[in-house]
Amino acid sequence: MNGDSPHVGFPKLGVKSAALNDYNRTIELDRALAVNYYRCGNLYYSTKDYTRAIADHSQAIELKPHFALAYSSRSYADRELSGK
């Protein structure tokens, strides 16, 4: 990305694995909370796993259709995935 990404402030890769485990655990505990999917999607984005980022952001949108940040984040991941 050229610096216009909303995804900043994530820990270094070694800690990201632990963070992903924690986010996935929060999703297991409460599958109806859109913000859990949004945050997990942002972390996947930061590791360049755009397919998973899109999936989690899409789930956040499904749970909370007016979640503007999830739409924005999903569009960033889709743009990266498509190479545009």
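Values for this structure:
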{"read-out": "Given (1) under 12 Å from the mean Cα position of the chain (by Cα); (2) modelled with pLDDT of 90 or more, index of the condition Pro65 fails", "value": "(1)"}
{"read-out": "Qualifying positions in the range 23-49 - outside any helix (DSSP H, G or I) and more than 12 Å from Ala77 (Cβ to Cβ)", "value": "Asp30, Arg31, Ala32, Leu33"}
{"read-out": "Flag for Tyr23 being modelled with pLDDT of 90 or more and either exposed (fewer than 12 other Cβ atoms within 10 Å of the Cβ) or among the hydroxyl-bearing types (Ser, Thr, Tyr) (or both)", "value": "no"}
{"read-out": "Any hit, the range 50-63, residues being surrounded by fewer than 23 Cβ atoms within 10 Å (Cβ to Cβ) and outside any helix (DSSP H, G or I)", "value": "no"}
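The rows are residues; the columns are (1) buried (at least 17 other Cβ atoms within 10 Å of the Cβ); (2) within 19 Å of Lys16 (Cβ to Cβ); (3) in contact with a Leu (Cβ under 6 Å, 6 or more places away or on another chain); (4) among the aromatic types (Phe, Trp, Tyr).
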site: Gly41; (1), (2), (3), (4): yes, yes, no, no
site: Ser46; (1), (2), (3), (4): yes, yes, no, no
site: Ala70; (1), (2), (3), (4): yes, no, no, no
site: Ser75; (1), (2), (3), (4): no, no, no, no
site: Arg79; (1), (2), (3), (4): no, no, no, no
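The values are calculated or read from the model by the stated rules, or taken from the named source; none is laboratory data. Computed from a predicted model, the values in this text were never measured in an experiment. Cβ coordinates were reconstructed from backbone atoms using ideal geometry, including for glycine residues, and neighbour counts include every protein chain displayed.
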